[in-house]
Every structure is written in C-alpha cells, then in structure tokens.
Amino acid sequence: MTILTGIGLLLVVFERNQAELTLEGNGLRSPASISVTNSNSDLESLDRDSDTPLAFYRQLDDSGIVNIVRSSDFDRFQYPVHQGRSFKQTDDQVALVGSGVTVEHRAAGAYYAYNGESYEVVGTLGRQAESLLVNSILIVDDSLFAQLEGDSTYIDGPNVEEVYSSHQISGEFFHRDQSTNRRTSVDFIFPTIIVLGNIIQGAGAVCLGLLIAALFRDQNHLAWVLGVSRNKIVSRTVVFLIVPSLTYFSVGCWFGISILGTSFTGEIVGSLAWPLMLAIGSLLVATIINMKRSISWN
C-alpha cells in the first residue's frame, strides 16, 4: 500500500508539472482554449450559465505579452509561479509578472504600472526565473476588462469548445495555434507516462485485493465450517484491508498536502482514493468467488 500511495503522489506532482509546462508553452492558456469575438454581455451570460469554470483573456498589446484575465473561479486556474502565489477569487487590481518585467518596489511590495494604473504583483510567473514567461504580464482588473468591449477574447476551461457550442449565443470560435505545445512533447509523451502510471497503480491495487483474498481463503472456509455466517466472513476480510488502507490514505493525504501545499488537495485525494476503492472491490469480488468455489451457500 505504501508503494501505491507513493505512485499516486508522484503522479499528482507529475501531472501538475506538465500542466504548468503546458501553460508556459502556450502563453498561460491551455491548448484547448478558443478565440471568440462576442460582446461582454454574451461572455457574462456564458460564465453565469455554465457549470464549468471558465477564464476569459484579452490582449493589452499587439505582442500578446500583456494580458488581462477575468474568471468567477480563479481557484480552478493555477498559473505557474516560482515566487509568491497565483490569483485568488477576491483579487482585483493585481498582476502576475515574469522575472524580466520592470516593477516598482514600494514599502507594501512590488507594483506593475500599466496605462496609468498600478497593480500589486502577487507572484512571479514561470516554474523558474528563466522561463518562456520571463517577460509576460497577466493582470486582473474587472473594470478595465469591461472597457475592452468588442475585442477578441480567449476562453479557457475544461471542455470549453463544447460549453461554448452548447450555449445559445451567436458567433464563431477559433482554435489557438498549438505548435509550441507540440514542441514540448506534452501532447504525446507525458499523457502516455500518466496513463502507464495509472495502469500500474490500478494493477497494484487489484493485485493487493486478490492477494489478501487468497491469504484468507482457507481461514474463511474454516470459519464457515465452524458456523460463522457468510456476511461476517466477507465483512471481516474487507475490514482487514480497509483499516490499514484508510490509515495509509489519511497519512498519504496529510504528507502530500504538507509537502505539496493545499492547492494540490483535490488531486491528492483523487489520486489516492480510486486505488483504495479498486483494491476493496477486487478483494470483495475475489472473496465471494472463493467462498462459492469452496463451500455451499445454501
């Protein structure tokens, strides 16, 4: 179980690192993001009616280095930062900047100046100081975003194409160029590694359940001969796995969150929970099959 927990935590770290690498290679937007030309009212309607977290981006310069973003769920959009933090939902008039961007240092912290406004710098972009985001700026300013009526907007989020197409607003969308992402091999190599890791984790969980069922097979048969009910036999066998598994699960979550941070909580719980359920399920099925093979249930 320790090995399965370790693999789960490693996969969480690996997936997060690859997600950050993808964002670096695609200008802080995922390869699935789309470009639209809808009005602010259309975008607000889309954001309000969608159950999917969405982020809306607009460029503030021709080079695409300076961008502004608006989202009603910033907690679901974690940008790669090596110093400071990413955005949170209560933020406004703040910025994330690359390590090469000129900022003004004040007593209260660093500030980035744009168009006569000062934005508090809450984090430095990039997984490290020298990255593709060294000159990038990402601003949160709801009032400025609203003034950019009619500008092209990038929309990002899970299944964003399907969400946009299913919403009753007029307009077409265009996909972004994903050539940078392909050059990093994120599209092909890293998903394969993640799938293989999940297969190993799942196979290990099934093997663990089958092994415990095999160890208890003779003992369960003897218990049945001595008059123990089948429900008690199956329950006792499953509990033998559940108790240590829940312990490992709790310790693994605590350890992972302590090392990686609370922003990984969802990924950690998900990565450790499904192998536990798979192991318990395989143990339960194997135990019942073994009992049916060796004794009569009538």
Counting other Cβ atoms within 10 Å of each Cβ, which trypsin sites (Lys or Arg not before Pro) in the range 12-120 have at most 16 and sit in a DSSP loop? ARG85, LYS88
According to a simple spin-label model (label point 7 Å from Cα along Cα-to-Cβ), what is the distance in nm between ASP92 and ALA19? 2.7
Going by Cα centres, the range 208-233 and the range 40-77 are how many Å apart? 57
ILE200 and GLN78 label points (each 7 Å along its Cα→Cβ direction) are spaced in nm at 2.2
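Calculate, for ALA273 and ASP62, the FRET efficiency according to 1/(1 + (r/R0)^6) with r their C-beta to C-beta distance and R0 35 Å; round to the nearest 0.05.
After rounding to 0.05, the efficiency reads 0.15.
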CYS253: accessible area at probe 1.4 Å, nearest 10 Å²? 20
Going by accessible area, probe 1.4 Å, with all protein chains left in place, what is the ranking of ILE242, ILE233, largest first? ILE242, ILE233
So if R0 is 25 Å, what FRET efficiency would TRP254 and ILE289 give, r being the distance between their Cβ atoms, rounded to the nearest 0.05? 0.10
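The values are calculated or read from the model by the stated rules, or taken from the named source; none is laboratory data. What you see is a predicted model, and the numbers here were worked out from it, not measured in a lab. All Cβ positions, glycine included, derive from the backbone under ideal geometry; neighbour counts span all protein chains shown. SASA here: full protein model, heavy atoms, side chains in, ligands and nucleic acids out. Shrake-Rupley method; radii C 1.70, N 1.55, O 1.52, S 1.80 Å.
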